[in-house]
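Undergrad: Please find one structure pasted underneath; my questions will follow.
The values are calculated or read from the model by the stated rules, or taken from the named source; none is laboratory data. As the structure is a prediction and not an experimental result, all values here were calculated from the model. All Cβ positions, glycine included, derive from the backbone under ideal geometry; neighbour counts span all protein chains shown. Accessible surface areas use protein heavy atoms only, side chains included; no ligands, DNA or RNA. Shrake-Rupley method; radii C 1.70, N 1.55, O 1.52, S 1.80 Å.
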Amino acid sequence: MGRIKRKTILFVIIIFTLSFGMVKATDFALHKSSETEFCISCHSMTIPYNDYIKSPHYANQHGVSAQCKDCHINEKSNIEYLTAKLGGIKDIWFETTGKIDSKEKYEEHRMEMAQTVWKQMEANNSATCRSCHDYDKMNFDKMNFDKMSAKAKQQMQIAASKNQSCIDCHKGIAHSLPKVKSDTFDINELKSGSTAYTTTISPLYNNQDFASIKAKILPYTQFTILDKVNGAIKIKLNGWQEAHKNLLYAMEGKRITDAVIRGLNDIQETGKTYYNHTTKKSWKELSIIAWIKSTPVTTNINQQWEKNKFEYESKCAQCHQKVQEHHFSSNDWPAQFKGMARQAKLTKNETQGILKYLQYHSSDITNNVEN
């Protein structure tokens, strides 16, 4: 009896020791796999790591560097902690199968990976961000409103009053923003008679000799190809002119600028007119023939709207809460957006593209340009 009892005790001790060892080993593995050194041991993770070391989350005036786990693992929630670990297995699988084992492949999938993280942060109200940037704690003086600029203070206090999630406004803080796929190609690939849309600001000319004038076509302007001569493309534009302005607008009464027509010779009036009783200005429809050099174009305008929508939400929302597209009319948006573009340091092409997206989705326009 005593021998059986001793065997039972010994068995229990062995089981307990093995179980304890497994628990400690698992705990060690979980914590070890949370370290930045482990994360970047995968070749593909060196890409986001290079983004990170250029950001304030790596080097800042407080001398505090946020590690991978500080942003991507919510250790205060066991469920989210284990979910993050399972997500890490997915990343290892992607690395092993070659899904993201090159910069080109990584960039191709950067959007879907970013959206996964953004959704997690939206769901937990940016819990990991708040370990340092909590509205109440003011850790490291990060939320000391008195040390912010007047504009930043105003927007942050509004966000604090609503307990707004950090990720709503601060995408692309530690890693580069993903690029939305854009179905663009060179205008030379189009055949005569084709209709498409420009995607960049491009100069317009009176003939294929390309003598310089001040005319230019703006992004997302519809045109038709009439002829192609040795790399020069002859196009036709239709639009509206308000009074005697050297601008071509997309619609009567709507200041959605399609082109600057100063210096162009082949401008014909179609006979259609419009009178705006509010501004007391007359409008007339024009048909314009001009020449253009090689430039990127698209036939899928809705994909461009998606691109501009993402750029608007990610870049402009970093300074203030997103202003809904339908908040302003198409004629009000240019004045409202001018300050936003300057603050967000947008390029001229980004400014014109996002502005046109906002105008086509404004309060007084329900259908986009493709419809």
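Undergrad: For the range 255-274, name all the residues that are part of a strand (DSSP E or B) and open to solvent by 50 Å² or more (accessible area, probe 1.4 Å).
TA: Once the filter is applied, which keeps residues that are part of a strand (DSSP E or B) and open to solvent by 50 Å² or more (accessible area, probe 1.4 Å), the range 255-274 yields 255, 267, 268, 269, 270, 271, 272, 273, 274.
Undergrad: Also: Return yes when residue 154 is farther than 24 Å from residue 181 by Cα, modelled with pLDDT under 80 and out of contact with any Phe, Trp or Tyr (no Cβ under 7 Å at 6 or more places or on another chain) and no when it is not.
TA: Considered against the rule, which asks whether it is farther than 24 Å from residue 181 by Cα, modelled with pLDDT under 80 and out of contact with any Phe, Trp or Tyr (no Cβ under 7 Å at 6 or more places or on another chain), residue 154 comes out as yes.
Undergrad: Can we say residue 96 is more than 30 Å from residue 164 (Cα to Cα) and either among the small types (Gly, Ala, Ser) or open to solvent by 30 Å² or more (accessible area, probe 1.4 Å) (or both)?
TA: yes
Undergrad: Looking only at residues in the range 63-78 that are at pLDDT 80 or above and either open to solvent by 60 Å² or more (accessible area, probe 1.4 Å) or touching an Asp or Glu at 6+ places or on another chain (Cβ under 7 Å) (or both), which one is farthest from residue 173 (Cα to Cα)?
TA: Applying the filter and picking the extreme gives 76.
Undergrad: Ok, one more. Hey, could you check the range 239-253 for residues that are open to solvent by 50 Å² or more (accessible area, probe 1.4 Å) and in a loop (DSSP other than H, G, I, E, B) and say which is nearest to residue 293 (Cα to Cα)?
TA: Per the stated criteria, the residue is 246.
Undergrad: Could you tell me which numbered condition residue 236 fails, if it satisfies all but one of (1) open to solvent by 70 Å² or more (accessible area, probe 1.4 Å); (2) farther than 20 Å from residue 206 by Cα?
TA: Result: residue 236 fails condition (2) only.
Undergrad: When the residues of the range 281-311 are narrowed to those that are polar (S, T, N, Q) and assigned to a loop (DSSP other than H, G, I, E, B), which ends up farthest from residue 337 (Cα to Cα)?
TA: Among them, the one singled out is 294.
Undergrad: Starting from residues that are small (Gly, Ala, Ser) and within 30 Å of residue 105 (Cβ to Cβ), keep the ones in the range 179-226 and report whichever is surrounded by the most Cβ atoms within 10 Å (Cβ to Cβ).
TA: Within the range 179-226, the match that is surrounded by the most Cβ atoms within 10 Å (Cβ to Cβ) is 196.
Undergrad: Turning to a different aspect of this structure: From 294, 282, 287, 363, which residue is surrounded by 14 or more Cβ atoms within 10 Å (Cβ to Cβ) and of a type in the set (S, T, N, Q)?
TA: Of the residues listed, the single one that is surrounded by 14 or more Cβ atoms within 10 Å (Cβ to Cβ) and of a type in the set (S, T, N, Q) is 363.
Undergrad: Still on this model: Select, from 45, 22, the only residue that is assigned to a helix (DSSP H, G or I) and either surrounded by 15 or more Cβ atoms within 10 Å (Cβ to Cβ) or modelled with pLDDT of 80 or more (or both).
TA: Being assigned to a helix (DSSP H, G or I) and either surrounded by 15 or more Cβ atoms within 10 Å (Cβ to Cβ) or modelled with pLDDT of 80 or more (or both) holds for just one of 45, 22, which is 45.
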